[in-house]
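The values are calculated or read from the model by the stated rules, or taken from the named source; none is laboratory data. Keep in mind that this is a model prediction, so the values were computed, not measured. Cβ placement follows ideal geometry from the backbone for every residue including glycine, while neighbour counts extend to all protein chains displayed. Note: accessible area is taken over every heavy atom of the protein model, side chains too, but ligands, DNA and RNA are not part of it. Shrake-Rupley method; radii C 1.70, N 1.55, O 1.52, S 1.80 Å.
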Amino acid sequence: MLRRSTGGARGALKAAGKLARSFATVEKADCVVIGAGVVGLAVAQRLALCGRDVLVLESAPTFGTGTSSRNSEVIHAGIYYPPDSLKAAFCVRGRELLYEYCSERGIPHWQIGKLIVATGPSEVPKLSSLMDRGARNGVDDLRMMDGPEAMRMEPELQCLKALFSPVSGIVDSHSLMLSLVGEAENHRATFSYNTTVVGGHLEGNSMHLHVCETKNLDENGNGQFPLQPELVLVPKVVVNSAGLSAPLLAKRFHGLNDQVIPPAYFARGHYFTLANTKNPPFRHLIYPIPEDGGLGVHVTLDLNGQVKFGPDVEWIDGVDNVSSFLNRFDYSVSASHAERFYPAIRKYYPNLKDGSLEPGYSGIRPKLSALQQLASDFVVQVA
Ligand SMILES: Cc1cc2nc3c(=O)[nH]c(=O)nc-3n(C[C@H](O)[C@H](O)[C@H](O)COP(=O)(O)OP(=O)(O)OC[C@H]3O[C@@H](n4cnc5c(N)ncnc54)[C@H](O)[C@@H]3O)c2cc1C
């Protein structure tokens, strides 16, 4: 929710506004979407289809280079989230809409199904509570299987019990994003790449966005942004869909009440791929019982038949504005991480051969709750 701050912030707000106006070109706009990840693209496509004039500002040279191209590409069923949460509601409804969208437009996807597996007796009750939770969330056709039945379905699998979710699937995330971009552009949305929103200020009820060309930022690498923007945009509607940067960017909007900006935590996840996968060992997605901060090192197949294992959970801190706005995170995957992957994977795939894991890629989860805190729900703020 956009709320004006009071007291001492007023001086900073005035100063930010004055400084911005004195140097930059000021232009009005209808709707500005910050960030061309899958969320910003979906919002832009929808607004454009509703007849609004949409401008998408993206700091990178193209769309979808952030978290949206660094994930498992799984269409989740909606099993894990607390009933009545936004996450549960959006996941179940979003899955239905996503399958519909992909089918209508020929976007590669596959309703491949998923097994969540209990490999030790202590995990069996957790599987039952997941089944209850999924059913309460409205996930259809969940079925508990005993170990032998699941292992007949997947001969390389070892488990005591499994929860089968037939509605889970995979999607080609790049094709999905390309389709959203195309539809938004066909409805007159404009995409401005290499363009970074460095902050903003409130004047009356209007957000003034401070915008710079990405190439002009941080030339000396000292983590500072220029004091004045090159352009000030005054839109009627602003959507902050800057992914990992969204809370950090909101903090740079002078005049917003700090109290409404959620905290930001980051958890990196690494992936390894299976070498020589002419014959993939599995035909379904295989997930262990979820862990703190993630869903556990699972097996994902992509639409090219590649088998991926991951992601693990590595909490990171010390993220500054520049790294986040310009996506300068460390995405490398050290081969040494494989030592932790082998034992985790062998709990359900005992025949995994030594030396068969190759470093893949990594992604970073934006989190609103820290390690060992209760997982928080989505926060969507509207003014
Ligand atoms: C390891 C991992 C696995 C996951 N697996 C799945 C999965 O299987 N299924 C699933 O549904 N979800 C999964 N997710 C979650 C999913 O990837 C994200 O929810 C989704 O990609 C978020 O999209 P976004 O548009 O919010 O963010 P992003 O894709 O990060 O897009 C934000 C964009 O904003 C731009 N930007 C940032 N700051 C600025 C600025 N100041 N000015 C201009 N532009 C800016 C960035 O460059 C970026 O392009 C996973 C996430 C991770 C990390």
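Of note:
- With 0.36 nm allotted per residue and the present C-alpha distance subtracted, the residue 149-residue 230 stretch has 22.8 nm of extension available.
- Heavy-atom accessible area ranking, 1.4 Å probe, most first, across 251, 28, 367: 28, 251, 367
- Of all complete DSSP H helices in the chain, those with a Cα span along the helix axis of 24 Å or greater and a mean Kyte-Doolittle hydropathy of -1.0 or more are 86-105.
- Partners for residue 353 among lysines (Cα-Cα distance below 24 Å; same-chain residues under 8 apart left out): 114, 161, 278, 308
- Gyration tensor verdict on region 115-162 (Cα atoms; rounded if a/c is under 1.5, prolate if a/b is larger than b/c, oblate otherwise): oblate
- A convex hull fitted around the alpha carbon atoms of region 328-383 yields 159 Å³ per residue.
- Shape of region 252-383, Cα gyration tensor, a/c cut at 1.5: prolate
- Label-point gap, in nm, between residue 383 and residue 369 - each point 7 angstrom along Cα→Cβ: 2.8 nm
- The chain, accessible area per residue, ligands and nucleic acids excluded (1.4 Å, Å²): 48 Å²
- Accessible surface, 1.4 Å probe, highest first, among residues 59, 103: 103, 59
- A 1.4 Å probe, protein heavy atoms only, puts the accessible area of residue 84 near 150 Å².
- Within the accessible area of the chain (1.4 Å probe), percent carbon and sulfur: 51 percent
- Rg/Rh (Cα only; Kirkwood hydrodynamic radius) as it applies to region 221-311: 1.17
- Its relative contact order, with pairs defined as Cα atoms under 8 Å and 6+ residues apart, puts the chain at 23 percent.
- Cα gyration tensor category, rounded, prolate or oblate, for the chain with a/c compared to 1.5: prolate
- Counting only Cα atoms, the size of region 20-112 along its three principal axes is 55, 32, 29 Å, in decreasing order.
- The accessible area of residue 174, taken with all protein chains in place and a 1.4 Å probe, comes to roughly 100 Å².
- Panel values: region 83-182, Kirkwood radius from alpha carbon pairs, Stokes-Einstein at 37 °C and 0.692 mPa s, translational diffusion coefficient 218 µm²/s.
- Structural descriptor for region 92-169: relative contact order 41 percent, calculated from alpha carbon pairs under 8 angstrom and at least 6 residues apart.
- Fully extending the segment from residue 257 to residue 140, taken as 0.36 nm per residue of separation minus the present Cα-Cα distance, adds 38.0 nm.
- For region 125-214, the direction-averaged projected area of the alpha-carbon convex hull comes to 12.0 nm².
- Helix-only CD estimate at 222 nm, as mean residue ellipticity for the chain, using -39500 (n - 2.57) per DSSP H run (n ≥ 4): -8000 deg cm²/dmol
- Efficiency of FRET from Cβ geometry, residue 314 and residue 175, R₀ 35 Å, rounded to 0.05: 0.75
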